[in-house]
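Input: a single structure, listed below in structure tokens.
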Amino acid sequence: MRFNCASYGLSVSALMWCTFSVQAALEPPPLFEIKPLVCMVKTQGQTCQMTIRVNWHHAVQENLCLYQANARLHCWESSNKGTAKLAVKLAQNMEFSLRDTQQNTLAKKTVKVNAVVSTKYRRKLKTDWSLF
């Protein structure tokens, strides 16, 4: 039986690639938290201005950025955890995401905008008909 170095090297590299692929797939997503998750406005359609608190923790040190829709808000370099307080404006429900340098979304949360007075269920001030 002859020892073939090329086939051995190919087998070892294929095994290592599979091992790294499985490790990446088994790596848990980062813990991602945004508070508060609800912003209250007086009437539907108003812009909500609020300060959000962002906390995250990940098993691996990475360069990660926080995005509001497609706008980058804050970045952390070579870190496995991060916190930030940010002032944001919301006109509608908005998704915030934690992304790596290749724009892969690792975690996301949605902040909802709720109105105190809903225009859908507004009470009528007078009736449509009258006897007088």
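Please treat every number below as a calculation from the coordinates, not as lab data. The structure displayed is predicted, hence computed values, not measured ones. Neighbour counts are summed over all protein chains in view; Cβ atoms, including those assigned to glycine, are modelled from backbone coordinates with ideal geometry.
Remarks
- Estimated dipole of the range 30-117 in Debye, rounded to 20 [Cβ of Lys and Arg +1, of Asp and Glu -1, Cα centre]: 340 debye
- Under 5 Å, built H, 5+ apart or other chain: amide partners of Q44: V117, T119
- Remark on L106: its backbone amide H falls under 5 Å from those of L98, R99, D100, a criterion applied only to residues 5 or more positions apart or on other chains, H modelled at 1.01 Å from N.
- Pairs of lysines in the range 30-117 (C-alpha under 18 Å apart; 8 or more residues apart or interchain): 16
- Counting 0.36 nm for each residue step from K85 to Q61 and taking away their Cα separation leaves a gain of 6.5 nm.
- The fewest-to-most ranking of M50, M40 by surrounding Cβ atoms within 10 Å reads M40, M50.
- Two-site FRET efficiency, E33 against A69, from Cβ-Cβ distance with R₀ of 22 Å, rounded to 0.05: 0.70
- In range of the label at E77: residues from the range 24-62 whose backbone nitrogen is under 18 Å from the point 7 Å along Cα→Cβ: 61-62
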